[in-house]
1. Of all residues in segment 292-309, which are assigned to a loop (DSSP other than H, G, I, E, B) and more than 21 Å from Ala349 (Cβ to Cβ)?
2. Can you confirm whether Phe255 is in contact with a helix residue (DSSP H, G or I) (Cβ under 9 Å, 6 or more places away or on another chain) and aromatic (Phe, Trp, Tyr)?
3. Those residues that are more than 17 Å from Asp219 (Cα to Cα) and either within 15 Å of the ligand (Cβ to nearest atom) or without any contact (Cβ under 8 Å) to a residue 24 or more places away in the chain (or both), I need them from segment 141-169; list them, please.
4. Look through segment 170-183, keep the residues that are in a helix (DSSP H, G or I) and more than 16 Å from the ligand (Cβ to nearest atom), and return whichever of them is farthest from Leu108 (Cα to Cα).
5. From Asp315, Asp330, Asp320, which residue is surrounded by 18 or more Cβ atoms within 10 Å (Cβ to Cβ), among the acidic types (Asp, Glu) and under 30 Å from Val257 (Cβ atoms)?
6. State all residues of segment 355-376 that are within 16 Å of the ligand (Cβ to nearest atom) and in a loop (DSSP other than H, G, I, E, B); if no residue qualifies, say none.
7. Does segment 245-254 contain at least one residue that is within 16 Å of the ligand (Cβ to nearest atom) and either in contact with a Phe, Trp or Tyr (Cβ under 6 Å, 6 or more places away or on another chain) or within 29 Å of Glu347 (Cα to Cα) (or both)?
8. Please count how many residues of segment 321-337 are under 12 Å from Ser250 (Cβ atoms) and within 30 Å of the chain's Cα centre (by Cα).
Amino acid sequence: MDNSAHPRPTRITVDLTRLAGNLDAIRARTRTAVMAVVKANAYGHGMLPVARQLQASGVDQLGVALLEEGIALRAGGVHVPILVFGGIVGEQLDDFFHHGLQITVSSLAKLRQVEAAAARLGQRAKIHLKVDTGMERVGTHSDTCGPLVEAALAADCCDIAGIYSHLACSDEPDHPMTAQQLQRFHDACAHFTRLGAPMPVRHLANSGGILHSPDSWLDMVRPGILLYGVLPGDAARPLPGIQPVLSLRSQVVYFKVVGAGHPVSYGATWVPQGATRVVTVQMGYGDGWPRSLSSEGEVLIGGQRYPIAGRVCMDQFMVDIGQGTAYNGDAVVLVGEQGAERIGIEEVARRAGTIPYEILVRLNERIPRRYVGSTASDN
Ligand SMILES: *Cc1c(COP(=O)(O)O)cnc(C)c1O
């Protein structure tokens, strides 16, 4: 969208030095291989620049949800191994081979489809077996996955690159579900031992697992949100060295004085008691800024916190600066630091009544993204 010489002043800034630092902090803590998760446009940060930085920083592997995300990474010159998590349909299989993408095999039936495609194309498939240990989404239940492991080991043109599962409650420290899922995962992996086969790379930990459950780290971890410097939930314990990667800034585009009793924005839901100063910011739900921040969100102007006044519109919202001062062109921080104040994605999510993930992935293509900092390469 950034095709005008003078785009509107709203900007996402992605700090690649911080991204690389977060990867280092995760590696230093777990001392395992890392599969960095860059699905959903790298949680709103921009998939290609993020993936290229992670590759330059020596990440072992990337994970995405969709085949088309994997294809876009390959088209963008990313050459590290990529696993596609998503449940796939048969017609998609050829593209996995054409683009050198690793396939999630979640059932015996999927394994048969992969084998058939590999035989037809005369290529070897790189697969990760997906075990369901409690999420009830995709994967063979851990107590019935013996036949899948046996069939995968017997399959001629499949290399088993990994076995994995996904944690449902790891963002809450000490949630009993996590230990239960870990036990079930170990039971599933034990089939390899029973069959005298080499153990593939075992991976289970998402960001919550990395933060709270060292037992879940195993051979490789799969950080998503933590890589971007954001905590997965309100109860999550922070990890030293992790810093937010994304900031979101705009500028004041309009200033006015609103008289007592004059409502502001759609629905006339917000009405000042006395005369007040109101500024307009060019950002709205059409950009992914949640409408549920209407009269709930806050922004920083001149190092001060001010509340959003009334409904967030599609392209703009208004801010009540009271008796404060602001001029057209003044910086407005929606996410990030200004002076001594800071607004994190976690706070925005709380105020909007959702989770940090949703705030990040909703920030859409209408907002120009600027990339700053490191691409120093060690591979
Ligand atoms: C999205 C995803 C992750 C990353 O989760 P975070 O909570 O963001 O760390 C890891 N593994 C799988 C299979 C996923 O779908």
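Read-outs throughout are calculated quantities, based only on the coordinates presented, and are distinct from any laboratory measurement. Just so it is clear, the structure is predicted and the values come from calculations on it, not from any experiment. Heads up, the Cβs are rebuilt from the backbone with ideal geometry, glycines too, and the neighbour counts pull from every protein chain shown.
1. Gly302, Gly303
2. When the stated conditions are applied, Phe255 does not pass them.
3. His141, Thr144, Ala154, Ala168, Cys169
4. Residue satisfying both the conditions and the ranking: Pro176.
5. Just one listed residue meets the conditions, Asp320.
6. Ile355, Leu363, listed by residue number.
7. yes
8. Residues that pass the stated criteria total 6.
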